[in-house]
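Just below is one structure, and these are the notes that go with it.
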Amino acid sequence: MLSRRIERGDTLIEVLFAFAVLSLVVVGAMAIMNQGTVASQRALETTLVRDEIDAQATTLRFLHDAYITAYQPNGTYPVTTPAGQWKKLADTVTTTPVSKFGNTETCERPDKSFILNASAATYIDTPAVFTPALTFAQVVYDGTEVKESQGVWIEAVRSAASADANQQNTRYIDFHLRACWDGPGQGPPMTIGTIVRLYEPRG
């Protein structure tokens with residue numbers, strides 16, 4: 001009987017302290033899980049956008065190779081052919097510098113930009129197809145036609161004429177492939193960019 005009388009339960013303070021410790025552990029675990037989910041989402045989006053940029057770069061090289069293969073001095077190329085699409089694209093490129101990119105607050109596409117239909121290997125500069133990215137930067141297709149270019153664009157700048165006689169026939173175009181979108185979590189937009197340099201034949 002005496003042993004039963006001296007037994008006692010936990011006090012209210014002890015119970016509250018236990019709940020406080022448990023709450024801290026649960027909140028910390030949820031924060032770590034959330035950070036892991038965000039990191040995984042960012043990595044997945046980055047991989048998908050890199051694939052999109054690679055598709056644009058591959059299409060650029062394909063059009064350029066087709067033009068080099070069909071090249072003739074002062075030649076003409078049907079616009080329905082890959083060589084004609086390259087010629088149409090190259091004729092719009094000037095020596096005007098491209099816009100600044102990276103560490104931007106918003107994803108604003110410059111006016112002097114275009115996109116390629118990687119499915120049909122065609123050049124598109126229609127402003128209506130360019131829209132902000134809904135999830136990650138991508139080119140959205142409707143069958144074989146480009147429906148939207150969400151946060152993906154290309155800018156091009158032609159090399160300036162050289163005064164060096166040995167370099168006057170060495171001309172090239174630098175293509176700046178860019179993607180910008182609002183990634184998961186807080187912070188500035190995510191951006192990916194690369195440059196493809198392609199040389200133009202002369203003579």
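Values quoted throughout were computed directly from the atomic coordinates according to the rules given, and no laboratory measurement underlies them. Here the structure is a predicted model, which is why all the values come from computation and not from measurement. Cβ placement follows ideal geometry from the backbone for every residue including glycine, while neighbour counts extend to all protein chains displayed.
Quick rundown of the values:
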| quantity | calculated |
| --- | --- |
| Least to most buried among Ile195, Ile53, Ile13 (fewest other Cβ within 10 Å first) | Ile13, Ile195, Ile53 |
| Computed lengthening from Thr126 to Leu22, 0.36 nm per intervening residue step minus Cα-Cα distance | 31.7 nm |
| The chain, helix-only ellipticity at 222 nm - DSSP H runs n ≥ 4, -39,500 (n - 2.57), divided by all residues, nearest 500 | -12500 deg cm²/dmol |
| Test item: Cα-centred dipole of the chain, Lys/Arg +1 and Asp/Glu -1 on Cβ, debye | 260 debye |
| Order of Ser40, Ser99 - criterion: other Cβ atoms within 10 Å of each residue's Cβ, fewest first | Ser40, Ser99 |
| Qualifying aspartates and glutamates (Cα of each under 20 Å from Cα of Lys88; at least 8 residues distant if same chain) | Asp65, Asp111, Asp125, Glu145, Glu155, Asp174, Glu200 |
| Relative packing of peptides 21-28, 58-65 - highest average C-beta neighbours within 10 Å first | 58-65, 21-28 |
| For segment 9-200, with +1 on Lys and Arg beta carbons and -1 on Asp and Glu, the positive-most of Gly28, Gly185, Ala156 along the dipole | Ala156 |
| Helix 12-70 axis, angle to the chain major axis (alpha carbon atoms, nearest 10°) | 10 degrees |
| For segment 30-73, fraction of C-alpha pairs farther apart than 12 Å, in % | 71 percent |
| When the chain is reduced to its Cα atoms, the Kirkwood hydrodynamic radius in Å | 20.7 Å |
| Whole-angstrom Cα spans of segment 21-133 along principal axes, big to small | 80, 25, 23 |
| Taking Met190, Met30 and counting other C-beta atoms within 10 Å, the order from fewest to most | Met30, Met190 |
